[in-house]
Structures are given as C-alpha cells and as structure tokens.
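The values are calculated or read from the model by the stated rules, or taken from the named source; none is laboratory data. Everything numeric here is computed off the predicted structure, so don't read it as measured data. When we count neighbours, we look across all protein chains shown, and the Cβ atoms used for this are built from the backbone with ideal geometry, even at glycine. When the accessible area is computed, the model is the full protein with side chains, heavy atoms only, and any ligands, DNA or RNA have been set aside. Shrake-Rupley method; radii C 1.70, N 1.55, O 1.52, S 1.80 Å.
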Amino acid sequence: MNSFFAELKRRNVVRVAVAYVVVSWVILQFVDVIQDPLNLPGWFQTVTIVFLGIGFPIALIVSWAFEVTSEGLKKTEEVDRSKSVTHGTGQKINKLIIGALVLAVGFLLYDKFILTSEPPAETIEIAEAQAGTSIAVLPFVNMSNDPDQEYFSDGISEEILNVLVRVDGLSVASRTSSFAFKGRNPNIPEIAETLNVDHILEGSVRKQGNRVRITAQLIDVKTDRHLWSETYDRELTDIFKIQDEISNAIVTALKDTLGLETLEAVSVQAMTGNMSAYDLYLKGRGLFIYRIDLPLSASLLEQAVALDEKFAAAWETLAAVYGVMPSWGFRDRPYSDLSNQAVDKAISLDSTLSLAYAVKGNNLAINDIQNGAPPNWKQSFKYLDQAIENNPKNATAYLWRALNYLFLGFFDKALADFDACLKIDPAYGNCERHKGSALVVSGQIGAGLALYTEGVEKGFPVFGGAGAIAPAMVKEGNELAALLYWRTSEGFENFPAAAWIKAFKNPGGDHREGWAKVQKWAVENEMDLTSGNQDILLVFGQYEKITPVPNYSYFIWWPEAHEFRQTGHFKRIAAARNYPAYWFEFGFPPFCRQLGDDDYECE
C-alpha cells in the first residue's frame, strides 16, 4: 500500500488533485463575480460545477497514465525512469498551486473588504426599495368539476391582488398584466421576466357547494424556492377571512425572508355578508372585465345589489357596466342615467372607492351628452382626480383623464396620463391604442404607428375607422396599407377607400365624384354618416353634416383639419361639446387662443 501511495506521489497525481481543486474553486468564484454583470443565465454556474466535477477524475486518470516529456505526452510505462522528468513537472504544478492559492486569497479579500463594504446611504435606500419587493398574482387554477366556476377562481385571485396593492413598499403587477398569462402555461422565470417581478403567487381553487379549498404558494423567482405555501379548507362564509390570511401570510413571508420590515399587514373587510350576492358579483364582474355579454353582466350585478343593497363594490361595478354599454352599441335603456344612479349609491356607501369616482367623471365627459347634457369637463376632472387620489394605481382613471385632455386638445397632458396608465399596467391595450392615436394626431406619426404595431403583435384589435391610423398611413406614403386597413375594418369591407385617400391627399380638389360614391355606399349599407363617421365627412369637406356625437373625436385636431378649425362649424361642435367653457377658465390648448372675453380662434 505504501508503494502505491509513493507511486501516486511520484506520478504527481496528488499534486494534480490539489491543483485541480484549487483552480476549480478560483474558476467558480470568477463565475460568481461575472454572472450578474454579464446577465448570464441561472443555470450557467450549475453547468460549470458539473463540468468541473466530470473533469476531476479524468485529470487524475491522465496524470496517472501519462507523463509530460520533452518529446510530448507519453504513457508512463513507456518512459525510462532514469529519464523521467516527473520531479520537474511536480515543481511546476507546485508553482501553479501557489499561484492559484494567491488568486483564491485575493478573491476572499475582495469579497470581504470590497463587495461587502457598506455602500453609500443612497445605494442602500435604492436597493431596499427595489430588491425583492415585487410580485405578480397569477390567475388561480379552477379545480372545480364545473368549468363554469372559473369566474370564482379568477375573482379570488383578483381580490388577493387588490389587497396586496394596498401594501406600502410592495410593487404588484396589474391584473391585466398577470391575467395575460391565463391559459398559456409559460414557465415561472418567463413570467417573472416579462412582468419584471421577483416573486410569483400562484394557486388553485376548488369550490363544491358551500365549501371551498384554496391552495396558494409564493415563489422566489431568483432562487426558485417556495417561500410559503398553504391550503385552506373553509366554508364560503369565511372567504374574506381566507383572503386576509393569504395576503398577510405573503407579507410575513417577504418580511421574514428578505428583512423588509417596511411591509405592513393589511386588513380585509367583508364586502358583503351575503355569499349569494358575492357569487353573483364575481360572475358579473368577470363578464365586465372581459367585455363578454354586458347585458348579462348588468343583470347579475343587479341581482347582487337586490340581495344586498349595501354591497358598495357591486354598485360600483354595476355603474361601470352601465357606463360602457352605450359605447358597445346598447341603447335599449337609459344607461347613462342608470350609471349615475348606481355610482351615487356606491359612493354614498363607501366614499373611499376609486372606480366609482372614475365612472362618475367619465359619465360627465362622455355619456351624459346622450341625454342632451353637454359635458362638464371641470367636474369630470374633479372626479377623475379623486379616483386617482383614492387609488393612485387605478390605471383606468388615468386612461379616462388622458382622453379628456385629448378631446380638449391638450396633447402633452394626455400623453403624460397615458404613460402613467401604461407604467401601472403595461398590458393595458386600450391605453396603448389611445396613446398611439394621440401621438399620431399630435404629429408624432412614427412613434404612434410603432405603438399600434406593438399592440397588434400582442393581439389587441385595431379599430376606429380613419380617426388616426388611416391618415397616418397615407402621410407615411403607404396608401396600400391605408386601403387594406379600411377594407379589413368591420363594416367597411366595401367602403370606397380609394376615393377617401384621394380626398385626404388633395383637400382642395374636386371630390364630388368620390363623395357620390361614399353616399351610395352609405345608403347601400344603411350607414348614417353623421353618427360616428365624422372623420369621413371632414375629409370630403362636408362640415355642415358633422354632429357632436359622443365618440372619440380625434379628427378635429388633425393637422390637416386646420381649415375646418377656422370655420363656424368647428365652433359649433366645440360649443356643443362645451370645450370653450373649460378653455376660458383653465386655459386654451396650443392650437387655440383667446380673443377678448367671449371669443377665440384655432389654427
């Protein structure tokens, strides 16, 4: 046995083993240092360890079986011992070991005194504010036997998300962003990278009769470690208590694991004591969020408030449903009045609501005109401001306030609010679409079309006639794209788009023939050009036919509409939309200026 160890030593196997271990350690320290700056994937270090582990026995076998000679690498048995240079090779390996140890000591000193030295106070504050304080709540999986119960699992997920949003110091991905992954089953790292979060909450819901089982788990994305998991088996009457427990368990897990003492517990108040009303509320809200069967959504929420007339959240959501129904073509009931009644009821029950104030503000700007009442922009802004004050993360309130500014001609303020909306909710398609329109109308065509392109790639439909996109395409020299856009827009498949393009490019020309084609098309398709097609009338110079319908009237701010803005027809539309009342009190947009106490002009 002694002779065997002597032979190991003579053949430098022991030295090679020591050198391999020391050099491997140095390599691993180097990989650890460069991994974050070079954005190397998490598996890179693992793969390095595996390769080094595989190489260790190979290095030992090679050092035993072969010897380095002046003539190259030879099998040990073929080398005359009297001519062996293993002693010299051993000295070189010793030097390699010493050099590697010097590097190892250097790494240790660097790690102890440089990397772990206390950074400036500002750096500490930034790190504490950013590290490990973000989370996305994925839609919980419906494990019930009835697939129609999916509204319930979605609703529970959203309620937990809404609670976590209230935790100071915790950044929560928006519902739209998180729910974009519903049914797609991507891996957790992909979701975290897309949503830019450090933690993921996922779970499942099984509802049977009056009992519910909710399983939830919190994952640290960077370490792929489960920080917390729990299963709750309860009666449905405990549903709000479960939401409270889950939310505060997450806060506790983050505090204990990351030392984020700034995170504070939250309290979940029961929305209603009537579980049947709560069930109807979740169903109705789910249909509203996805804009599926709005009449059914309204009916379900009406039943919910009938069961519990003090159910503020149900009144608030019912008001929102009523508020959007006219823009979706439903006019069989006085939805604007119904929305106002429902929202006033909601606010009387809970003045801290946010969506309710946003709905009230939006009604004053958009919907009330259907009843002959001109928009009250001052009050609309007041309520939208209140909505944002009640919940600074209400992306819809920013969207609706941005549209107010856009209608009134204040593009800079509109774009600032669109940006705020998208910062809160990057996947909010309506914010993207309207921001694209605002950019185009304000003259930033390239940026606007790029945003539309990005939205289409994400699957968000582009619609809205010629209001923004078709003119931008023509101005960019892409008439074919504008033509195809018209032809692929719902209801405009056989629209004489070529005549429209010709009129848009040459506003001073004779376009009576093209206008005749448009009129013929309108008659054949039973299309009322004065209702929602103001952009078509504008291009053909039919100013007298333009009416102040409550649609998204971007067209009046086109750079090409400068002639229209200098006519009495523009002032007629502006007066009907109550623009001057706001302008005279709060200032005029860049295109317009005041002339005396009661007059103005626009370029």
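Brief remarks on what is shown
- Within the option set S336, S351, being over 26 Å from the mean Cα position of the chain (by Cα), closer than 23 Å to I388 by Cα and surrounded by 20 or more Cβ atoms within 10 Å (Cβ to Cβ) holds for one residue only, S336.
- Failed criterion for F540 (all others in (1) within 39 Å of the chain's Cα centre (by Cα); (2) buried (at least 19 other Cβ atoms within 10 Å of the Cβ); (3) not basic (K, R) hold): (1)
- Spans of helices (runs of 4 or more DSSP H) in the stretch 310-429 with at least 1 residues free of Cβ contacts under 8 Å to residues at least 12 places away in the same chain: 335-349, 377-390, 411-424
- All positions within the stretch 186-214 that are within 30 Å of L236 (Cβ to Cβ) and among the charged types (D, E, K, R): E202, R206, K207, R211, R213
- Filter pass, F591 being in contact (Cβ under 8 Å) with a residue 40 or more places away in the chain, open to solvent by less than 60 Å² (accessible area, probe 1.4 Å), touching a strand residue (DSSP E or B) at 6+ places or on another chain (Cβ under 6 Å) and not hydroxyl-bearing (S, T, Y): yes
- Matching option when the condition is crowded, with 19+ Cβ neighbours inside 10 Å and over 20 Å from Y543 (Cα atoms), among F504, F492: F492
- Test: residue in the stretch 292-303 that is over 18 Å from M275 (Cβ atoms) and part of a loop (DSSP other than H, G, I, E, B): yes
- Scoring P580 on the criteria (1) at pLDDT below 90; (2) buried (at least 17 other Cβ atoms within 10 Å of the Cβ); (3) of a type outside the set (S, T, Y) leaves a single failure, condition (1).
- Residue within the stretch 447-462 that is touching a helix residue (DSSP H, G or I) at 6+ places or on another chain (Cβ under 7 Å), among the polar types (S, T, N, Q) and either assigned to a helix (DSSP H, G or I) or open to solvent by less than 20 Å² (accessible area, probe 1.4 Å) (or both) present: no
- Test: residue in the stretch 496-515 that is in a loop (DSSP other than H, G, I, E, B), at pLDDT below 85 and polar (S, T, N, Q): no
- Considering residues of the stretch 401-446 that are aromatic (F, W, Y) and open to solvent by less than 10 Å² (accessible area, probe 1.4 Å) only, the residue farthest from P559 (Cα to Cα): F418
- With respect to the stated conditions, W515 fails to be open to solvent by less than 20 Å² (accessible area, probe 1.4 Å) and in contact with a helix residue (DSSP H, G or I) (Cβ under 9 Å, 6 or more places away or on another chain).
- Among (1) within 25 Å of E457 (Cα to Cα); (2) modelled with pLDDT of 75 or more; (3) touching a helix residue (DSSP H, G or I) at 6+ places or on another chain (Cβ under 9 Å); (4) not hydroxyl-bearing (S, T, Y) - the single one E193 does not satisfy: (3)
- Which numbered condition F584 misses (of (1) closer than 24 Å to E476 by Cα; (2) in a helix (DSSP H, G or I)): (1)
- Residue count, the stretch 528-543 (criterion: under 24 Å from G509 (Cβ atoms) and assigned to a loop (DSSP other than H, G, I, E, B)): 6
- Residues that are in a helix (DSSP H, G or I), under 19 Å from K413 (Cβ atoms) and aromatic (F, W, Y) were ranked within the stretch 545-577; the one that is modelled with the highest pLDDT is W557.
- When each of G596, G587 is tested for being of a type in the set (G, A, S) and more than 17 Å from L406 (Cα to Cα), the lone residue that passes is G596.
- Identity of the residue in the stretch 175-212, surrounded by 12 or more Cβ atoms within 10 Å (Cβ to Cβ) and basic (K, R), that ends up nearest to the chain's Cα centre (by Cα): R175
- Test for N187: is it more than 20 Å from K423 (Cβ to Cβ) and either out of contact with any Phe, Trp or Tyr (no Cβ under 7 Å at 6 or more places or on another chain) or hydrophobic (A, V, I, L, M, F, W, C) (or both): yes
- Out of E316, E309, sole residue that is out of contact with any Lys or Arg (no Cβ under 6 Å at 6 or more places or on another chain), loosely packed, with under 15 Cβ neighbours inside 10 Å and at pLDDT 90 or above: E309
- If the condition is being on the phi > 0 side of the Ramachandran plot and not acidic (D, E), then the stretch 283-322 contributes only R291.
- Residue check for A270: open to solvent by 60 Å² or more (accessible area, probe 1.4 Å), in contact with a Phe, Trp or Tyr (Cβ under 7 Å, 6 or more places away or on another chain) and either at pLDDT 90 or above or not aromatic (F, W, Y) (or both): yes
- Every listed requirement among (1) assigned to a loop (DSSP other than H, G, I, E, B); (2) open to solvent by 80 Å² or more (accessible area, probe 1.4 Å); (3) within 21 Å of A249 (Cβ to Cβ) is met by H226 save one, (1).
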